[in-house]
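Trainee: Please read through the structure below; I'll follow up with questions.
Every number here is computed from the coordinates shown, using simple stated rules; none is lab data. This structure is a prediction, so every number in the text was calculated from the model and none was measured. Backbone-built Cβ (ideal geometry, glycine too); neighbour counts: all protein chains shown.
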Amino acid sequence: MPRSKPPPAWVIARRRAIGDRIRAARQEAKLTQEQVALRIPMDRATYNRIEQGHVAALVDSLILIADAIGVPLSDLVREEERPPRRREEQGPPSDPPGL
C-alpha cells in the first residue's frame, strides 16, 4: 500500500501543541508516562510518540488519555486562540481600496 503524503507543517505544529498539553496535564497530575500508558492500556512507546506529536492520536486514544490523567478532553485539545487561516481557505485576494 503506498504511503500517503505527510501532513502539512501547520497540522504537525498543532499536533505537537496537543502533545505539550497532554504532557503538562500528566505532570500536573504527578503521573509518569508508564502510569498513564498502563491505565489506558497502551504501550509506553506509543504513548510517548503521542506526547511528542510524532503520531496522530485517534480520538478514542485522546479520550482514554484524558480519563487516565483525570482531565476533560477539552483541556487537551483546546486552542488558546484561533489559528491563522490557511492559504487555501482564504479565497481570492480582494481588490485594494479605491479600485
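Trainee: Once both labels are modelled 7 Å past Cα along the beta-carbon direction, what's the Ile12-Asp67 spacing in nm?
Mentor: Placing both labels 7 Å along Cα→Cβ, they lie 3.2 nm apart.
Trainee: Further question on the same structure: Can you work out ³J(HN,Hα) from phi for every residue in the stretch 63-71, in order, using Karplus 6.51 cos²θ - 1.76 cosθ + 1.60 and θ = phi - 60°, giving whole Hz and x for Gly and Pro?
Mentor: Per-residue couplings from phi come out as 4, 5, 5, 4, 5, 5, 7, x, 10 Hz.
Trainee: Can you list the residues, at least 5 places off or on another chain, whose amide H is less than 5 Å from the amide H of Met42, using H built in the peptide plane?
Mentor: Here nothing satisfies the definition.
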